[in-house]
Amino acid sequence: MNKILTLFLLFLGCCVKAQQPVLTGGMDSFISQNIIYPAYSYQNCVQGIIRISFKLNKQGEVYSSKVSSGPGIDLDQEALRLIRMSSGKWKVPADYDTTYVLVAPVNFRLSSEDCNRVTQQDMNKAIAVYKANQGLTDAITNFYRNKAQGKYNEAEEKKVIALKTELGYDDDFLNKKIEEGQKKLKQKDRQGACEDFLFVKYMGSALADDLLDKYCR
């Protein structure tokens, strides 16, 4: 049976802290330096705490990481990315039990005037829209994945293009996705960057092709 520890409790009290892993520089500092607020949640002022569960080996490397609680939108993926980025930056005691499951709360907060007026009900509606659209987004990316393999129905592409327009996946949106990927490259998060560039590719766009060729082969 896995033993669950909540990470924010690990940073309270000298005795607990001395016996448990510590992230070099501190969790708050690491997150503030590396967070890239996801576009959808940023535009809709969605905020909250996402909890990521993970394990550490003796070298302080993260493994078995997953979202343990979150709204099921883009905040979840960014929180997971941040914890995975912390891999190798943990100081682990010699007698540390690597069967522990650590739980890290990643707190997303926005402080603009517009977001201060957004209620929890507004956020819940935005989360519901994201989830409702996720299946349609998957349908688009699946179509273009199949097209790249030469397996697609040409007559369906007009419907797919109309669906892209309806969901707002225009060049402005895709360029913002590329910008997010480029920021991740600067953080040496090539995996996260390539996921963003591939998203652009499987939206039927060639905007990220040069970056895919350069960084993702």
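The values are calculated or read from the model by the stated rules, or taken from the named source; none is laboratory data. These figures come from a predicted structure and were not determined experimentally. Neighbour counts run over all protein chains shown; Cβ positions are idealised from the backbone, glycine included.
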K186 vs. criteria surrounded by fewer than 20 Cβ atoms within 10 Å (Cβ to Cβ), within 17 Å of T137 (Cβ to Cβ) and either of a type in the set (D, E) or out of contact with any strand residue (DSSP E or B) (no Cβ under 9 Å at 6 or more places or on another chain) (or both): no
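Within 19 Å of the chain's Cα centre (by Cα), modelled with pLDDT of 95 or more and not assigned by TED's automatic domain parsing to the domain that holds Y40 - does that describe any residue in the stretch 138-159? Break it down into steps so the answer makes sense when it comes.
To start, the set of residues in the stretch 138-159 that are within 19 Å of the chain's Cα centre (by Cα) comprises 138, 141.
When the remaining residues are screened for being modelled with pLDDT of 95 or more, the result is 138, 141.
If we keep only those that are not assigned by TED's automatic domain parsing to the domain that holds Y40 too, we end up with 138, 141.
Checking the stretch 138-159: at least one residue is within 19 Å of the chain's Cα centre (by Cα), modelled with pLDDT of 95 or more and not assigned by TED's automatic domain parsing to the domain that holds Y40.
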All positions within the stretch 198-217 that are within 25 Å of K89 (Cβ to Cβ) and part of a helix (DSSP H, G or I): Y215
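Yes or no, residue by residue, for (1) touching a residue at least 40 places away in the same chain (Cβ under 8 Å); (2) crowded, with 16+ Cβ neighbours inside 10 Å; (3) charged (D, E, K, R):
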| position | (1), (2), (3) |
| --- | --- |
| L23 | yes, yes, no |
| A39 | yes, no, no |
| F54 | yes, yes, no |
| K66 | no, no, yes |
Any hit, the stretch 99-114, residues being exposed (fewer than 12 other Cβ atoms within 10 Å of the Cβ), of a type outside the set (A, V, I, L, M) and assigned to a helix (DSSP H, G or I): yes
Any chance I73 is touching a residue at least 12 places away in the same chain (Cβ under 8 Å), within 18 Å of S111 (Cα to Cα) and out of contact with any Gly (no Cβ under 6 Å at 6 or more places or on another chain): no
Neighbours by Cβ (under 6 Å, 6+ apart or cross-chain): first from the stretch 157-178, within 13 Å of Y40 (Cα to Cα); second small (G, A, S) and in a helix (DSSP H, G or I): K176/A39
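Counting only residues that are over 12 Å from the mean Cα position of the chain (by Cα) and in a strand (DSSP E or B), which one in the stretch 26-50 is farthest from K125 (Cα to Cα)? Reasoning before the result, please.
Just the residues of the stretch 26-50 that are over 12 Å from the mean Cα position of the chain (by Cα), to begin with: 26-33, 42-49.
Filter once more, keeping what is in a strand (DSSP E or B): 48-49.
Numbers: G48: 14, I49: 17 Å.
Filtering first and then ranking leaves I49.
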Check on A126, at pLDDT below 95, assigned to a helix (DSSP H, G or I) and not assigned by TED's automatic domain parsing to the domain that holds V46: no
Among (1) under 26 Å from M85 (Cα atoms); (2) more than 17 Å from the chain's Cα centre (by Cα), the one test that L185 misses: (2)
